[in-house]
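Heads up, the thing below is written out as structure tokens.
Here, each number is a calculation from the coordinates, and none is a lab measurement. The structure presented is a predicted model; accordingly, all values stated were derived computationally and were not measured. Cβ coordinates were reconstructed from backbone atoms using ideal geometry, including for glycine residues, and neighbour counts include every protein chain displayed.
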Amino acid sequence: MDITEKVELVEKSPTEEVVTRDELINLFQTNSSPKHYIGLEISGFLHLGSLISTGFKINDFAKAGVKCTVFLADWHTLINDKLGGDWEAISKVSKYYHDAFKIVCPEAEIVLGSKLYEEKREYWSELVKFTKNMSLARTMRTLTIMGRSENEEKIELAKLLYPPMQAVDIHSLDVDIAHAGMDQRKIHMLVREVFPKMNWKVPVAVHHRLLPGLTKPNNNNDSQLGKMSKSDPNSGIFIHNTDNEIKKKINKAWCEETNIQNNPLLEIAHTIIFHEFKEINIERPEKFGGNISYNKYEQLEKDFSEKKLHPGDLKQTIGNYLIKVISPIREKLDLNEEIQNAIKKSY
């Protein structure tokens, strides 16, 4: 595979930004197997965005010859009060996340944060050195990466450790490519600013779009407002939903006729369906135009915007294809009662 093809895989949807493309090209020119990382909190039930969309993007990196790491940030999870800040629950759910990503991303290495900190004795001294380069104001501005407001007046001191820990994770894992959703952009920009001052390797940053939720966004110009959420069962398709539940949720999804802005079903088609299938076949009666096939997302979007493809037909098709994607994963992934209870207690 040549460098152009590798870059195309990295830039493939849902990638929204590469900082910078020239650095990525140079990286592939000088390193045949660069190291990648994506860090994840361990929180609720996995869904289309947190596992499938993210996992498929990780697989793009793997296809490009990149050594991928999924970092399960258990200490960050505790700091951010996910799963009730219960370490025992976090440990149980970590196994569920480990198994899920091993199914979807078999080539990726799964690293647990607590294990990294135990093995890398210099981690904590490097954390202190890194924080010498951060002001309190800058730290507060980065709190949005953990779903917190930068204007919070009462905040635990531990939460201020979260951003620098995430940065030092990247250094400790010797990362060439730092990958995350767009909501994590601030920490990567901090890394790219501070690492040169410390003579640490500066990674290329790759950010992907967050999969929007199934409900109508609060603001059509901001997809983040309606993002798929682990805590809202109505906003997303979860890995353990039955086939019938998937169909029902898709049928209820917001899908305004001709509207292609932040349309969750079009985004699912673009990010997930076309990622795994070369062609989407839509079955419909002759009186409504008959069956039609698409081998490019752009044509499907164009037809939808021009009323050549009805929301009802799109919903039925997306539901059917999602079942093909999700059901094999659901069958392999164990979600025992103990794990379910550990997650449900945190809601």
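Observations on the structure shown:
- Here I237, I329, I42 are placed in order of increasing Cβ neighbour count within 10 Å, fewest first, which gives I329, I42, I237.
- Label-point gap, in nm, between K186 and R138 - each point 7 angstrom along Cα→Cβ: 1.4
- Compared with the direct C-alpha span, the chain from N31 to K307 gains 94.6 nm at full extension, assuming 0.36 nm per residue.
- Summing charges over all other residues whose Cβ lies under 15 Å from the Cβ of K287, with Lys and Arg as +1 and Asp and Glu as -1, gives -1.
- Exposure proxy shown here: for S135, S43, S50, the number of other Cβ atoms within 10 Å sets the order, fewest to most, as S135, S43, S50.
- Estimated vicinal HN-Hα couplings, Hz - the range 85-95 in sequence order (Karplus 6.51, -1.76, 1.60; Gly, Pro = x): x, 8, 4, 5, 5, 4, 5, 5, 6, 4, 5
- Distance between the pseudo-spin-label points of T258 and M1 (7 Å out from Cα toward the beta carbon): 4.1 nm.
- Taking every alpha-carbon pair in the range 1-108 and binning the separations at 5 Å intervals from zero gives 2, 12, 21, 20, 16, 13, 9, 6, 2, 0 percent.
- Farthest toward positive dipole pole in the chain [+1 Lys/Arg, -1 Asp/Glu at C-beta], among H76, T144, S91: T144
- Taking amide H as placed 1.01 Å from N in the peptide plane, E109 has its amide H under 5 Å from the amide H of C68, T69, V70, each at least 5 places away in sequence or on another chain.
- Under-5 Å amide H pairs with H208, H placed in peptide plane, nonlocal only: E16, A180, G181, M182
- Projecting the Cα atoms of S172, P264, H275 onto the dipole axis of the range 127-276, where Lys and Arg carry +1 and Asp and Glu carry -1 at the beta carbon, places S172 farthest toward the positive end.
- Counting only lysines at least 8 places from K332 when in the same chain, those with an alpha carbon closer than 20 Å to its own are K92, K95, K102, K324.
- GNM top mover of A205, A100, A137 - the chain, alpha-carbon springs below 10 Å: A137
- In degrees, nearest ten, helix 162-172 long axis to first principal axis of the chain (Cα): 80
- Bridge orientation summary for the chain: considering DSSP beta bridges with both residues in this region, about 40 percent are antiparallel.
- Dipole of the chain, positive direction: furthest Cα of Q299, G236, S135, with charges on the beta-carbon: S135
- Modelled spin-label separation between K248 and E88, with each label point placed 7 Å from Cα along the Cα-to-Cβ direction: 3.3 nm.
- Partners for K129 among aspartates and glutamates (Cα-Cα distance below 18 Å; same-chain residues under 8 apart left out): D169, D174, E193
- Protection proxy ranking of 177-189, 87-99 - average other beta-carbon atoms within 10 Å, highest first: 177-189, 87-99
- A simple rule links phi to the HN-Hα coupling: the Karplus curve 6.51 cos²θ - 1.76 cosθ + 1.60 with θ = phi - 60°, which for the range 253-259 gives 5, 5, 7, 5, 4, 6, 7 Hz, with x for Gly and Pro.
- Computed from the Cβ-Cβ distance with R0 of 22 Å, the FRET efficiency linking K345 to R148 stands at 0.50.
- Difference of contour (0.36 nm per residue) and Cα-Cα distance, Q299 to K332: 8.4 nm
- Taking θ as phi - 60° and the Karplus parameters 6.51, -1.76 and 1.60, the scalar couplings of the range 63-77 work out to 5, 7, x, 8, 7, 9, 10, 9, 9, 8, 7, 5, 5, 4, 4 Hz in sequence order, x denoting glycine and proline.
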